[in-house]
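What follows is a set of notes on a single structure, which appears directly below.
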Amino acid sequence: MDYFRSLGKFDVPKRVNPADYFMKVLDIKYPKQADDIEKLELLNRSYRFQLEKRIEVENKLIKLDVPADYAAGEPSYKASNWIQLQQLMHRSWILA
């Protein structure tokens, strides 16, 4: 409810079941009318904006340093071709 309230258009009236209210308000008629398209665009824009803000915050929190041996060329922790083949065969066996 907080999310829809933040959009400014979908305040749930008092003594109304929120699920019933949102079912009625978010209903899209077919063929779509101009107000339905506007409603969908508003919901899409606000969701993308919220998602972009969350990703931006997470990107600031996550800082990974480049391993020293990776900067020098081939990383030393790379599995050999034989180990990679074994793991792939094992995975194929499990998923089959």
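Taking the range 70-83 as the range and being at pLDDT below 70 and over 33 Å from the mean Cα position of the chain (by Cα) as the test, the residues that pass are ALA72, GLY73, GLU74, SER76. When the range 18-62 is examined, which residues are found to be loosely packed, with under 11 Cβ neighbours inside 10 Å and among the hydroxyl-bearing types (Ser, Thr, Tyr)? Answer for the range 18-62, where residues must be loosely packed, with under 11 Cβ neighbours inside 10 Å and among the hydroxyl-bearing types (Ser, Thr, Tyr): just TYR30.
The values are calculated or read from the model by the stated rules, or taken from the named source; none is laboratory data. Keep in mind that what you see is a predicted model, and the values were worked out from it rather than measured. Neighbour counts are summed over all protein chains in view; Cβ atoms, including those assigned to glycine, are modelled from backbone coordinates with ideal geometry.
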